[in-house]
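The values are calculated or read from the model by the stated rules, or taken from the named source; none is laboratory data. As the structure is a prediction and not an experimental result, all values here were calculated from the model. Positions of Cβ are backbone-derived with ideal geometry, glycine not excepted, and every protein chain shown enters the neighbour counts.
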Amino acid sequence: MAKLLSCVLGPRLYRVHRPRLPGPAAGGEPRGEPNWDSYYQPRGLEKHTDSVLALASVLWSISCYASPLALLYLYRKGLLTMSRVVPLSHCAATLGLLLAGVACLRGLGRWSNPQYVEFIAALEESHRSDSAESRRKLGLYTFDFRSWPVDFRWDSAGPAWGGSRAVPLLPTPKRPRGGSRGVLGTLRKVPCALARLLLAHTIGRRMLFPGSVRLLQRALLPALLQGQARLVEQFGGQRAKLVACDGNEIDAMVIDRRGRDPRGDTLVICCEGNAGFYEVGCLSTPLEAGYSVLGWNHPGFGGSTGVPLPQSEANAMDVVIRFALQRLRFAPPNIVLYAWSIGGFTATWAAMSYPELGGLVLDASFDDLVPLALKVLPHSWRDLVTQTVREHLNLNNAEQLCRYQGPVLLVRRTKDEIITTTVPDDIASNRGNDLLLKLLQHRYPKIVVGEGLEVVREWLEAATPEEETALLGRVGPDERWCRERLQGFAADRRPPFPWGMGEDLSPAHRRQLALYLAQKHLQNFEASHCTPLPPHAFRLPWAL
């Protein structure tokens, strides 16, 4: 009976991973695809009851999104009366009992399937024992992540940040005071504050992180399962559950190549975009380039719990960094952060908070969310949108980036249609330009100014390779002179930035040095926003 109860209450099993094909390929990885299809095949009773419960789950998700409109309709029709609500509650209770009966029948079907019984035994063993063998057995299965045992907690090596339940963020800019003060003035501001809060946690959050919408995740489930199987079966990936300081459980994947690949001693921590998952996201770029990789899903994405907001995002990033340092034992200089698009927020937060990390690569990222939010929302909402973003969704990438002292590389998509603020593909309005300029002006304020700033802007706004070639032919920096000048200054003055170098430079030399620094910190990639970066285009950031 205990085993039957475990089958009734057990998680849904999706896949049973099979042994990898023998024969190493380039980079020490196995050749080819998995030996055979490894989807778990439920038997008749379990299959049909699973379909009923899945349909009920989808209908529940739709009803949650439609509930405000439905309640408004019922109210206007006068149907929200006690005489009508009580029978509806009875119907809901009856439906709940029917679904519980279906779940019991599903458990009976699982109990008759030896494959599921074997999985339950491995799951129960992993909860009793934290041995490597029990985790290895559990790693052969993909199932509902809520039942995965915890691998690492944020306070495993002792709490930091004073034992707080939230890691520190940079303070948001203070709004200028205006209007009446005192109690009456405060009461007048309450409706606007509530409107901003509602906007941020309904439309705003879902527009900013569409990957957190459960209906979208259900549609992507086959692709996510296939991607996870590839990471586990072809590359030997190991899944892990990390508990952040706010209690959110973060779904992570590790592929450790130390001792197997020349680049394996470097760990690349990947931060995905607003609809990206480690199973099918930017993790593949450094993975196929031969590095060790650590991927994780945003709160509310895939197996991760919670909702994606700036505070929960930073909390999740904190436990991922701690996991890499304390459990995986990678040295900080051997850890590189790689972020795509909106992942730049968590990557710049980690670089700011853990300044000893070895480098930062930001691909198709932006400097600040406000200009992009104003681009897609009505102009009449300008003040409301600006205040809402600053208070609740403040992704201040440039401000965080300027607090990092290590090597930085920005990858700019020349045909980016997402982070431009005018017409699509307008390279001059790409917010990656602003991110680069803010970084260079912070680090080299005496170089990227005047003539130096002007030539960097001209280079960034070159719309064609011919325009760029013409500019380089006119200003083209002498790389040897620039490198020697920078190394001579850095010999006695290591970071922290900003540097005071540049006061004695002539306008021509300032232009050369500014353009040289811009080229070293920014790499162009001729593609649109969502085109995957090829492995050969991935490189570590430049450092003197």
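Scanning the stretch 448-478 for residues that are over 23 Å from Gly500 (Cβ atoms) and surrounded by fewer than 15 Cβ atoms within 10 Å (Cβ to Cβ) returns Ala463, Thr464, Pro465, Glu466, Glu467, Thr469, Ala470, Leu472, Gly473, Arg474, Gly476. Screening the stretch 460-489 for residues that are free of Cβ contacts under 8 Å to residues at least 12 places away in the same chain and either among the β-branched types (Val, Ile, Thr) or in contact with a strand residue (DSSP E or B) (Cβ under 8 Å, 6 or more places away or on another chain) (or both) and picking the one that is nearest to Gln519 (Cα to Cα) gives Thr469.
Taking helices (runs of 4 or more DSSP H) that do not extend beyond the stretch 132-243, which have at least 3 residues that are of a type in the set (Val, Ile, Thr)? Give the steps one after another, and end with the answer.
On the way: elements: 132-138, 182-199, 205-208, 214-233.
Correct list: 182-199.
Looking only at the stretch 435-449, count every residue that is in a loop (DSSP other than H, G, I, E, B) and touching a helix residue (DSSP H, G or I) at 6+ places or on another chain (Cβ under 8 Å) and tell me the total. Total meeting the criteria: 4.
Among the residues that make up the stretch 472-490, is at least one of them under 30 Å from Cys530 (Cα atoms) and in a helix (DSSP H, G or I)? Taking every residue of the stretch 472-490 in turn, at least one turns out to be under 30 Å from Cys530 (Cα atoms) and in a helix (DSSP H, G or I).
Scan the stretch 151-208 for residues that are β-branched (Val, Ile, Thr), in the same structural domain as Val243 (by TED's automatic domain parsing) and at pLDDT 85 or above and the total you get is 3.
Being surrounded by fewer than 24 Cβ atoms within 10 Å (Cβ to Cβ) and modelled with pLDDT of 95 or more is a property that Gly300 has.
Of all residues in the stretch 312-336, count the ones that are touching a Phe, Trp or Tyr at 6+ places or on another chain (Cβ under 9 Å), closer than 23 Å to Gln238 by Cβ and not β-branched (Val, Ile, Thr).
Just the residues of the stretch 312-336 that are touching a Phe, Trp or Tyr at 6+ places or on another chain (Cβ under 9 Å), to begin with: 313-327, 332, 335-336.
Still in the list and also closer than 23 Å to Gln238 by Cβ: 315-327, 332, 335-336.
Subsequent filtering for residues that are not β-branched (Val, Ile, Thr) retains 315-318, 322-327, 332.
Counting residues in the stretch 312-336 that are touching a Phe, Trp or Tyr at 6+ places or on another chain (Cβ under 9 Å), closer than 23 Å to Gln238 by Cβ and not β-branched (Val, Ile, Thr) gives 11.
Counting only residues that are crowded, with 24+ Cβ neighbours inside 10 Å and either modelled with pLDDT under 95 or more than 16 Å from the chain's Cα centre (by Cα) (or both), the stretch 240-254 holds 0 of them. Has the stretch 36-58 got any residue that is part of a helix (DSSP H, G or I) and at pLDDT below 80? Checked against the condition, which is being part of a helix (DSSP H, G or I) and at pLDDT below 80, the stretch 36-58 yields no hits at all. The residues of the stretch 195-220 that are free of Cβ contacts under 8 Å to residues at least 40 places away in the same chain and not hydroxyl-bearing (Ser, Thr, Tyr), listed by number, are Leu198, Ile203, Arg206, Val213, Ala219.
Just to check your reading of the model, which residue among Glu313, Glu288, Glu272 is within 29 Å of Phe525 (Cα to Cα), over 10 Å from the mean Cα position of the chain (by Cα), modelled with pLDDT of 95 or more and in the same structural domain as Val361 (by TED's automatic domain parsing)? After applying the criteria, what remains is Glu288. Every condition in (1) closer than 21 Å to Glu249 by Cα; (2) at pLDDT below 90 holds for Ala92 except the one numbered (1). Residues satisfying the criterion are present in the stretch 459-469 (criterion: modelled with pLDDT under 90, among the hydroxyl-bearing types (Ser, Thr, Tyr) and not assigned by TED's automatic domain parsing to the domain that holds His379).
Yes/no matrix, rows are residues, columns are (1) at negative phi; (2) exposed (fewer than 15 other Cβ atoms within 10 Å of the Cβ); (3) modelled with pLDDT of 75 or more:
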residue: Val8; (1), (2), (3): yes, no, yes
residue: Trp60; (1), (2), (3): yes, yes, yes
residue: Leu72; (1), (2), (3): yes, yes, no
residue: Lys77; (1), (2), (3): yes, yes, no
residue: Ala100; (1), (2), (3): yes, yes, yes
residue: Val117; (1), (2), (3): yes, no, yes
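Screening the stretch 479-524 for residues that are surrounded by 13 or more Cβ atoms within 10 Å (Cβ to Cβ), under 19 Å from His442 (Cβ atoms) and charged (D, E, K, R) and picking the one that is nearest to the chain's Cα centre (by Cα) gives Lys520. Look at (1) closer than 28 Å to Phe345 by Cβ; (2) surrounded by fewer than 20 Cβ atoms within 10 Å (Cβ to Cβ); (3) among the β-branched types (Val, Ile, Thr) and you find that Val190 fails only one, number (1).
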